[in-house]
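Let me begin by presenting the structure, written as structure tokens, before commenting on it.
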Amino acid sequence: MSGENCFEILDKFFIPKNKEKIENIKGYTIKYGNIIENDEIIDEVLVSYFKKPKSYTTENMCEINSHGGNVIIRKILDICLKNGAELAEPGEFTKRAFLNGRIDLLQAESVIDVINAKSEKEARTGIKQLEGSLSKKIKEIKQEIMDVMINLDVCIDYPEYDVEEITNNQIDKMLKSIKLKLKNLEKSFENGKLIKEGIKTAIIGRPNAGKSSLLNAILKEDRAIVTEYEGTTRDTIEEFVNIEGIPIKLIDTAGIRNAKDEVEKIGILKSKEIAKDADLIIAIFDGSKDLSEEDLDILEIIKEKNSIIIINKSDLNSVLNQDDKRLCSVCNKIIKISALNNEGLENLYSCIAEMFKLNEINLDSDIIITNLRHKNLISKAINNVEKSEESINQNMPIDIVAIFIKDILEDLGNITGEIVTEDIINEIFAKFCLGK
């Protein structure tokens, strides 16, 4: 519970073993006792006390730690509500922390990134932003602009002082500096998108080439059905795996061939659509057989796409080799594996890491943008920097230049939440889990 009256509400149904007045209880302490209703003990609990302003929300807060189990938890929640508490809205605790000034909007958004992290790198990026690394960088850029805005305001308010030429030089130098910094942040979104969304990877091939076997080998579990019969996979199967700390979204698709029935036809159409939208295609071929017409169709699909060719079944007599001209003309990344015996998978992982330069992502020294909202606002700020530069080059009045520069400040203020609208705030916190 969080809020001005949370301790008073708690006092109605929590009986500590050592009774103490609320005002005498120190923050960051834990009390042992019982939750009571109608003189009946509901559960034996520990209650943590956090006194304002030193709490997550900067308000008085308490946390009830029960033995768990849905029945008991629901009962305690019901008792809280009966005694005057209200259910929190999605993200309300973090929203209060933001509205009460403990964190900025950028840090608040990083909370949901930490919660939803699918990989260690995504979690670490979220933690860095929660600690304020990106907020600090945005503030530094804003301060660099504000230092020049002082002289700019003097020019506008006191035109009799001849400082416009000096101010223009300062503005030009400042714009070049912040443009470089904003461009670097914008560029970091390429890696940020990889960290947050992962690499959407479609596994395609004709029936029984080994698509499902490859998926199972990578996941180290029997996730997909594997039989000697063709056409077992009718719909897509999606799973995440981490390579170099980056989530890889693997999609096992229906085998591509002339469909035998309407259901298989739908599955094959879906396979082709997924391959079209994928960041990476792993095209798998049966190395114990020569290329069929269906295989040649698959080569057409991956032409001019980010792709890796897998020659599977290296444990059998090889008919298809890595130097096959038909394969080499389409893709220069060709790997031999045995999905059945888990051989050659490390070569596949290394190839993916090299293609997407995963080893070059440095979380220790780099500030990385992972949020599309932030990236769009930074792009907008860069656009306003360029408008400011253009206005100076065209010798526009200084007050016109000032308008574009103030637009840059507004874009950056929208990132940290200093001037953000209520609608955007509500939209952001609606994505949170209940309460958090």
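Which entries of Lys118/Lys375; Lys95/Lys181; Lys183/Lys357; Lys31/Lys436; Lys196/Lys220; Lys95/Lys179 have Cα-Cα distances beyond 25 Å here?
Lys95/Lys181; Lys95/Lys179, as the Cα separations exceed 25 Å there.
Glu239 to Val114: extension gain in nm, 0.36 nm per residue of separation minus the Cα-Cα distance?
Additional length available on full extension: 43.0 nm.
Suppose the Debye formula is applied to equal point scatterers at every Cα of the stretch 360-429; what is log10 I(q)/I(0) at q = 0.13, 0.15, 0.21, 0.23 Å⁻¹?
-0.51, -0.63, -0.90, -0.97
Just to be sure I understand: of the beta bridges DSSP finds with both ends in the stretch 274-407, what percent are antiparallel, rounded to 5?
Given both bridge residues lie in the stretch 274-407, the antiparallel proportion sits at roughly 10 percent.
Applying the Karplus parametrisation 6.51 cos²θ - 1.76 cosθ + 1.60 with θ = phi - 60° to the phi angles of the stretch 268-275, what ³J(HN,Hα) value in whole Hz is obtained for each residue in order, glycine and proline being reported as x?
With coefficients 6.51, -1.76 and 1.60, one gets 5, 4, 5, 4, 5, 5, 5, 4 Hz.
If I take R0 = 51 Å and measure r between the Cβ atoms of Glu89 and Leu316 in this structure, what FRET efficiency does the formula 1/(1 + (r/R0)^6) give, to the nearest 0.05?
0.30
Please get the size of the charge dipole for the stretch 6-87, origin at its Cα centre, with Cβ charges of +1 on Lys and Arg and -1 on Asp and Glu, quoted in debye to the nearest 20.
Its charge dipole is roughly 340 debye.
Across the stretch 39-48, in residue order, what do the Karplus-derived ³J(HN,Hα) couplings come to in whole Hz, using 6.51 cos²θ - 1.76 cosθ + 1.60 with θ = phi - 60° and x for Gly and Pro?
Taking θ as phi minus 60°, the curve returns 6, 10, 6, 8, 6, 9, 9, 10, 10, 8 Hz for the stretch 39-48.
222 nm [θ] for the chain, helices only, -39500 (n - 2.57) per DSSP H run of 4+, per residue, to 500?
-15000 deg cm²/dmol
Using the alpha-carbon centroid of each, what span in Å lies between the stretch 371-436 and the stretch 1-68?
Taking the Cα centre of the stretch 1-68 as reference, the centre of the stretch 371-436 is 42 Å away.
Using a 10 angstrom cutoff on alpha carbons, build the Gaussian network for the chain and name the most mobile of Asn384, Asn83, Asn306.
Maximum among the listed residues: Asn83.
So what's Rg/Rh here for the chain, counting alpha carbon atoms and using the Kirkwood radius for Rh?
That ratio is 1.11, to two decimals.
Evaluate the relative contact order of the stretch 350-436 (contact order divided by residue number), counting alpha-carbon pairs under 8 angstrom at least 6 apart; express in whole percent.
25
Amide H of Lys200: which non-local residues (sequence gap of 5 or more, or other chain) have their own amide H closer than 5 Å, using H built in the peptide plane?
Lys249, Asp279, Leu280
Using a Gaussian network model of the chain whose springs link C-alpha atoms within less than 10 Å, name the residue from Leu358, Leu316, Leu152 with the highest mean-square fluctuation.
Among Leu358, Leu316, Leu152, the largest GNM mean-square fluctuation belongs to Leu316.
Quickly work out the Lys26-to-Asp399 label distance, labels modelled 7 Å from Cα along the C-beta direction, and quote it in nm with one decimal.
The answer from the label model is 6.0 nm.
Please rank Val319, Val148, fewest neighbouring Cβ atoms within 10 Å first, as an exposure proxy.
Val319, Val148
With a cut-off of 8 Å between alpha carbons and a minimum separation of six or more residues, what is the relative contact order of the stretch 6-87 in percent?
With pairs under 8 Å counted, the relative contact order is 27 percent.
At 7 Å along Cα-to-Cβ for each site, give me the label-to-label distance between Asp364 and Lys137 in nm.
Simple spin-label model gives 1.8 nm for this pair.
Neighbouring Cβ atoms within 10 Å as the yardstick, rank Cys6, Cys433 fewest first.
In order of increasing Cβ crowding within 10 Å: Cys433, Cys6.
Karplus couplings for the stretch 194-209 from phi (6.51 cos²θ - 1.76 cosθ + 1.60, θ = phi - 60°), rounded to Hz, Gly and Pro as x?
Ordered by residue, 3J(HN,Hα) equals 4, 5, 7, 9, x, 10, 6, 10, 9, 9, 10, x, 7, x, 6, 6 Hz.
Using Cα pairs closer than 8 Å and at least 6 residues apart in sequence, work out the relative contact order for the chain, in percent.
It rounds to 16 percent for the chain.
Which of Thr125, Thr29 comes first, and how do the rest follow, when ranked by fewest Cβ neighbours within 10 Å?
Ordered from fewest to most neighbouring Cβ atoms within 10 Å, Thr125, Thr29 come out as Thr29, Thr125.
Over the chain, what is the percentage of antiparallel beta bridges among all DSSP beta bridges, to the nearest 5?
That works out to approximately 60 percent antiparallel.
What does the C-alpha gyration tensor say about the overall shape of the stretch 17-95? Classify as rounded when a/c is under 1.5, otherwise prolate if a/b is larger than b/c, or oblate.
oblate
About its Cα centre, what dipole magnitude does the chain give when the only charges are +1 on Lys and Arg Cβ and -1 on Asp and Glu Cβ, stated in debye to the nearest 20?
It works out to roughly 920 debye.
With the cut-off at 28 Å, report for the stretch 296-436 the share of all Cα pairs above it, as a whole percent.
Counting every Cα pair in the stretch 296-436, those more than 28 Å apart make up 55 percent.
Under a point-charge model restricted to the Cβ atoms of Lys and Arg (+1) and Asp and Glu (-1), what is the dipole moment magnitude of the stretch 295-436 relative to its Cα centre, in debye to the nearest 20?
Computed charge dipole of the stretch 295-436: roughly 440 debye.
Values in this text are rule-based calculations from the coordinates and carry no lab data. Everything numeric here is computed off the predicted structure, so don't read it as measured data. Virtual Cβ from ideal backbone geometry, glycine too; neighbours counted across all protein chains shown.
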